1. Which residue is nearest to Gln144 (Cα to Cα), if the candidates are limited to the range 85-107 and must be part of a helix (DSSP H, G or I) and either without any contact (Cβ under 8 Å) to a residue 24 or more places away in the chain or open to solvent by less than 60 Å² (accessible area, probe 1.4 Å) (or both)?
2. When Leu181 is evaluated against the numbered criteria (1) at pLDDT 95 or above; (2) surrounded by 22 or more Cβ atoms within 10 Å (Cβ to Cβ); (3) assigned to a loop (DSSP other than H, G, I, E, B), which criterion, by number, is the only one it fails?
3. Do we find that Tyr213 is in contact with a strand residue (DSSP E or B) (Cβ under 7 Å, 6 or more places away or on another chain), closer than 22 Å to Cys259 by Cα, hydroxyl-bearing (Ser, Thr, Tyr) and open to solvent by 10 Å² or more (accessible area, probe 1.4 Å) in this structure?
4. Go through the range 62-71 and count every residue that is open to solvent by 10 Å² or more (accessible area, probe 1.4 Å) and closer than 19 Å to Val150 by Cα.
5. How many residues, within the range 137-161, are open to solvent by less than 10 Å² (accessible area, probe 1.4 Å) and more than 19 Å from the chain's Cα centre (by Cα)?
6. Among the listed residues Phe258, Phe251, which satisfies the condition of being touching a residue at least 24 places away in the same chain (Cβ under 8 Å), of a type in the set (A, V, I, L, M, F, W, C) and either assigned to a strand (DSSP E or B) or open to solvent by 30 Å² or more (accessible area, probe 1.4 Å) (or both)?
7. Out of (1) surrounded by 17 or more Cβ atoms within 10 Å (Cβ to Cβ); (2) in a loop (DSSP other than H, G, I, E, B), what's the single condition that is false for Gly222?
8. For the range 184-210, how many residues meet the condition of being surrounded by fewer than 17 Cβ atoms within 10 Å (Cβ to Cβ), over 24 Å from Glu153 (Cα atoms) and at pLDDT 95 or above?
Amino acid sequence: MGSSLKRKRRLWVLVWCACCAGAASAMLWAVQRAQPVCRQSDLEATTFVSAQALAEEDGEKRVFLTFDDGPSSTTETVLDTLKEKGVPATFFVVSADNNKDHLPLIKRAVEEGHQIALHSCTHSYKTIYASTTAFWADIKELRQQIAPYVDLETVHWIRFPGGSTNTVSHKYGGSSIMKNLVAQAGEKGYRYVDWNVCAEDAAGGHPRAGDVYRNVVKGAEGKNVCVVLMHDTKATRKTTAEALPDIIDWFKEQGYRFCRIDELDRQI
């Protein structure tokens, strides 16, 4: 009897653990669908592969402020700060279910001198990295979604979700998916850019504004050219908007010139 009771208890524990794991997976799936954003774990394997575009440095300090995953309800605060400080930025936009209502903010960004670039329509890695065909279909849909707000003839820069060397995509489209997409981007007339300074505002634990500021400063130290990765989403990136004035002030104090990503065209 004792042995039978122990077996039943072990079976109950296994069933309970399986149910918990299933519930957790379902919750994670729902969160990812509702809030498609770059995750810090996706970014760690990515390097700044566009450094060849900056190889002929002339010694001038330049900073490229870039924001992924918007527009969102936070975008207006970001735009207000950029306007107040008189500096340009580049927005790598998406058009997912959670931000479609904010797409008209793209028009304001353009009118205030900022650059609009492409990130992804769905930002679903499983969808966009299933194949190269799936990726370019997603980009085509994104272009259609943002067409009312920006002249598409000016939109020819891309940032791949997770970066151009991410390995997360391999489990969906195979180990050569990013290499193929990078090659096809050039064939289709697109340029891509990663980053060499990361605000780490996509990290877990909801970093505070002070943490975001310190991450940027630490990443920028010793670099003449800084392409800064930040995020522009509602719930988790308000602290980035809060840190932005101090980030801009620091780069100004260090003598950096603020540029849009399309200025890289002159150096490629």
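The values are calculated or read from the model by the stated rules, or taken from the named source; none is laboratory data. Remember, it's a predicted structure, so these values are computed and weren't measured experimentally. Quick reminder, even Gly has a Cβ in these numbers, built from the backbone with ideal geometry, and neighbours come from all protein chains shown. Heads up: the accessible areas ignore ligands, DNA and RNA and are worked out on the full protein's heavy atoms, side chains in. Shrake-Rupley method; radii C 1.70, N 1.55, O 1.52, S 1.80 Å.
1. First, the residues of the range 85-107 that are part of a helix (DSSP H, G or I): 85, 100-102, 105-107.
Filter once more, keeping what is either without any contact (Cβ under 8 Å) to a residue 24 or more places away in the chain or open to solvent by less than 60 Å² (accessible area, probe 1.4 Å) (or both): 85, 101-102, 105-106.
Details: Lys85: 32, Asp101: 15, His102: 15, Leu105: 16, Ile106: 13 Å.
My answer is Ile106.
2. (3)
3. Numbers: in contact with a strand residue (DSSP E or B) (Cβ under 7 Å, 6 or more places away or on another chain): no; closer than 22 Å to Cys259 by Cα: yes; hydroxyl-bearing (Ser, Thr, Tyr): yes; open to solvent by 10 Å² or more (accessible area, probe 1.4 Å): yes.
Answer is no for this residue.
4. Here is the first cut: in the range 62-71, the ones open to solvent by 10 Å² or more (accessible area, probe 1.4 Å) are 62.
Okay, now just the ones that are also closer than 19 Å to Val150 by Cα, so none.
Result for the range 62-71: 0.
5. Total satisfying the criteria: 0.
6. Values: Phe251 fails: either assigned to a strand (DSSP E or B) or open to solvent by 30 Å² or more (accessible area, probe 1.4 Å) (or both).
Only one candidate passes the filter, namely Phe258.
7. If we test Gly222 against (1) surrounded by 17 or more Cβ atoms within 10 Å (Cβ to Cβ); (2) in a loop (DSSP other than H, G, I, E, B), just (1) comes out false.
8. Let us first name the residues in the range 184-210 that are surrounded by fewer than 17 Cβ atoms within 10 Å (Cβ to Cβ), namely 184, 186-189, 204-206, 208, 210.
Then drop every residue that is not over 24 Å from Glu153 (Cα atoms), which leaves 204-206, 208, 210.
Now narrow it down to the ones that are at pLDDT 95 or above: 210.
Number satisfying all stated conditions: 1.
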